[in-house]
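Below is one structure; the comments refer to it alone.
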Amino acid sequence: MDHSINHNIGIKVPEVLVPDKRVNMRKWAVIACDQYTSNANYWKEVDKIVGGSPSSLHITLPEIYLNSPDRDERIDNIKKTMIRYLDDGILTVLPQGFVLVERTVNRKIRKGIMALVDLEEYDSDPFKKSLIRASEEILDERVEARIDIRMGAEVEIPHVLLLIDDPQFKVIEPVWRKRETYTKIYDVDLMLHGGRATGYLIEDKKTENEILSALSSLPLRDGMRYCVGDGNHSLATAKAVWEEVKKDMTAEERANSPLRYAMVEIVNLHDPAMPLLPIHRVISGASSSMCIQYVVDHLNSVGADARLVFSRRKPSQQLSEAPETIYFTSKSSSGRIEVNAPMTKMLIEQLQPVLEDFIREYPLATLEYIHDEDEFETLTEEYDTLGFVMPAMDKKTFFDDLSEMGVFPKKCFSLGEANEKRYYIESRLLVEEKDHEVLQESEYEGSEENDIISELKEDSREGKTAGKKRRDLGFLNLFRKKSE
């Protein structure tokens with residue numbers, strides 16, 4: 001049965017690819033590529049852990065390398081590795097069904113459901129009033145850098161978290177409570193303090209329909225039912241590629257193309273394990289007092305009636321009766337800027353352009369975005385470093401605020417700390433089903449991957465097919481030898 005778009009909600013039931021049972025899942029699962037973008041040591045440690053073993057690291061491009069001189073070579077290798085993983089049976093396809101994801105980190109359990117979204121129902125332009133929307137402004141240069149990766153790729157491996165507004169917990173939580181009745185497809189301790197991830201395949205059509213029905217009952221706000229929480233630029237890239245490739249397709253091809261869809265993890269904004277953290281601003285490489293005065297002067301120049309107050313107390317211990325207050329801290333001083341006539345709905349809307357103007361006028365200064373409280377406190381203890389404390393957003397008004405504003409300013413919230421972000425495990429085909437030559441020699445001589453392929457070959461010589469073994473495990477192997 002083809003599970004097409006159901007209930008007019010822009011959701012399709014996926015056919016998910018997962019690593020073969022013999023793949024070392026701890027080496028396979030790697031943090032989302034847009035994390036630790038300034039921490040080269042983190043990615044060196046990942047590379048050390050993974051080595052030449054089968055891993056999502058080899059089919060993604062960490063953003064820290066987006067501007068590296070060998071970027072094109074990396075992308076070329078990514079696409080070749082995708083094909084090799086398919087041909088060699090490293091990736092296997094599950095029967096069509098939602099995948100329930102249970103992520104445990106810091107003794108909290110976040111629940112999600114892997115699904116496909118219809119890119120015809122998504123648009124980053126808020127004026128289009130689409131069903132699925134971006135939550136922050138999309139920067140063209142960040143999308144262009146990713147198009148080269150997706151265009152022509154055979155596999156999609158997602159880190160997009162799609163938010164739903166479900167304060168009554170009617171969509172995901174009832175499914176999660178029945179998790180022991182579903183087939184467990186992976187259970188892995190994640191590298192580098194990522195916690196644990198467990199996945200369950202939902203093949204029960206009754207449960208599937210209950211999920212779709214519950215999604216269809218979620219409220220619409222000016223046409224919006226979902227918004228992107230993490231991976232805004234990744235989903236925008238998928239949309240850009242789809243808009244380009246569909247130009248040469250017939251109506252029938254457009255309806256059935258895998259590129260029309262993108263895989264996401266649907267998560268409930270109100271999940272207690274889903275923190276909505278503020279992202280603080282840190283200016284370094286410039287005099288703190290000069291920067292503070294610059295902000296005050298610019299706010300007053302547009303009529304915001306800003307008043308500067310210095311204090312010996314930490315920002316969290318200060319009190320203000322102003323309509324909006326910008327708290328700041330540095331090694332030499334702390335205090336607040338009381339904004340008595342705010343010009344925008346959100347405080348960050350007023351502050352962000354001022355800070356960007358400042359670093360343009362003072363090229364030695366840098367602007368960083370920090371959501372880890374300990375890191376923020378450490379940075380602001382350094383000389384010539386000034387931190388602006390941003391307020392946390394309210395989950396109760398999040399969707400209403402987004403509907404009213406169209407998009408939020410960039411970098412105004414984070415769904416948890418960096419180590420709580422999505423790890424790559426599931427993937428899906430971006431090409432039509434086709435025959436693949438399987439069990440080819442791996443290019444990784446002496447690696448764990450080569451050992452896996454050797455085992456599969458030995459099974460084949462003994463008359464055991466990888467497909468038969470996977471079916472015994474509840475899997476369906478799509479990629480068989482043509483001679484079978």
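Hey, can you tell me all the residues within segment 265-275 that are at pLDDT 95 or above and either surrounded by fewer than 20 Cβ atoms within 10 Å (Cβ to Cβ) or among the polar types (S, T, N, Q) (or both)?
Result: Asn268, Leu269, His270, Pro272, Ala273.
Please determine whether any residue of segment 63-71 is in a loop (DSSP other than H, G, I, E, B), touching a residue at least 60 places away in the same chain (Cβ under 8 Å) and buried (at least 16 other Cβ atoms within 10 Å of the Cβ).
Looking for residues that are in a loop (DSSP other than H, G, I, E, B), touching a residue at least 60 places away in the same chain (Cβ under 8 Å) and buried (at least 16 other Cβ atoms within 10 Å of the Cβ), one finds at least one in segment 63-71, hence yes.
In segment 201-218, is there at least one residue being within 20 Å of Gln35 (Cβ to Cβ), surrounded by 15 or more Cβ atoms within 10 Å (Cβ to Cβ) and touching a residue at least 12 places away in the same chain (Cβ under 8 Å)?
no
Looking at segment 141-168, which of its residues are of a type in the set (A, V, I, L, M, F, W, C) and either touching a His at 6+ places or on another chain (Cβ under 8 Å) or crowded, with 17+ Cβ neighbours inside 10 Å (or both)?
Correct list: Val143, Ala145, Ile149, Ala153, Val155, Ile157, Val160, Leu161, Leu162, Leu163, Ile164.
Within segment 360-374, take every residue that is under 28 Å from the mean Cα position of the chain (by Cα) and in contact (Cβ under 8 Å) with a residue 60 or more places away in the chain and give me the one that is surrounded by the fewest Cβ atoms within 10 Å (Cβ to Cβ).
Thr366
Of the residues that make up segment 419-428, is at least one modelled with pLDDT of 95 or more and touching a Cys at 6+ places or on another chain (Cβ under 7 Å)?
Taking every residue of segment 419-428 in turn, none turns out to be modelled with pLDDT of 95 or more and touching a Cys at 6+ places or on another chain (Cβ under 7 Å).
For Pro54, indicate whether it is within 21 Å of the chain's Cα centre (by Cα), part of a loop (DSSP other than H, G, I, E, B), within 20 Å of His159 (Cβ to Cβ) and touching a residue at least 12 places away in the same chain (Cβ under 8 Å).
For Pro54, the condition - within 21 Å of the chain's Cα centre (by Cα), part of a loop (DSSP other than H, G, I, E, B), within 20 Å of His159 (Cβ to Cβ) and touching a residue at least 12 places away in the same chain (Cβ under 8 Å) - is not met.
Test Ile138 against the criterion of being surrounded by 17 or more Cβ atoms within 10 Å (Cβ to Cβ), at pLDDT below 95 and assigned to a helix (DSSP H, G or I), and give yes or no.
For Ile138, the condition - surrounded by 17 or more Cβ atoms within 10 Å (Cβ to Cβ), at pLDDT below 95 and assigned to a helix (DSSP H, G or I) - is not met.
Could you pull out the residue among Leu235, Leu201, Leu192 that is of a type outside the set (Ser, Thr, Tyr), under 22 Å from the mean Cα position of the chain (by Cα), within 26 Å of Leu429 (Cβ to Cβ) and not in a strand (DSSP E or B)?
Result: Leu235 is the single residue among Leu235, Leu201, Leu192 that is of a type outside the set (Ser, Thr, Tyr), under 22 Å from the mean Cα position of the chain (by Cα), within 26 Å of Leu429 (Cβ to Cβ) and not in a strand (DSSP E or B).
For segment 237-254, how many residues meet the condition of being crowded, with 23+ Cβ neighbours inside 10 Å and under 19 Å from Phe408 (Cβ atoms)?
Total satisfying the criteria: 0.
Kindly evaluate Ile326 against the criterion of being crowded, with 21+ Cβ neighbours inside 10 Å, among the β-branched types (Val, Ile, Thr) and modelled with pLDDT under 95.
Here the answer is no, as Ile326 does not meet what is asked.
Hey, any hits in segment 87-101 for a residue that's assigned to a helix (DSSP H, G or I) and modelled with pLDDT of 95 or more?
Yes, because at least one residue in segment 87-101 is assigned to a helix (DSSP H, G or I) and modelled with pLDDT of 95 or more.
Only one of (1) free of Cβ contacts under 8 Å to residues at least 40 places away in the same chain; (2) outside any helix (DSSP H, G or I); (3) over 18 Å from the mean Cα position of the chain (by Cα) fails for Thr37. Which number is that?
All conditions are met except number (3).
Take Met346 and decide whether it is closer than 23 Å to Phe413 by Cα and not aromatic (Phe, Trp, Tyr).
When the stated conditions are applied, Met346 passes them.
Would you say Arg107 is touching a helix residue (DSSP H, G or I) at 6+ places or on another chain (Cβ under 7 Å), surrounded by fewer than 18 Cβ atoms within 10 Å (Cβ to Cβ) and not β-branched (Val, Ile, Thr)?
No, not satisfied.
Which of the residues that make up segment 305-314 are buried (at least 20 other Cβ atoms within 10 Å of the Cβ) and either without any contact (Cβ under 8 Å) to a residue 12 or more places away in the chain or out of contact with any helix residue (DSSP H, G or I) (no Cβ under 6 Å at 6 or more places or on another chain) (or both)?
none
Among (1) within 24 Å of Ser403 (Cβ to Cβ); (2) within 19 Å of the chain's Cα centre (by Cα); (3) hydrophobic (A, V, I, L, M, F, W, C), where does Val99 come up short?
The failed condition is (1).
The values are calculated or read from the model by the stated rules, or taken from the named source; none is laboratory data. Remember, predicted model here, so these are calculated numbers, not experimental data. Glycine gets a Cβ as well: all are built from the backbone with ideal geometry, and neighbour counts include every protein chain shown.
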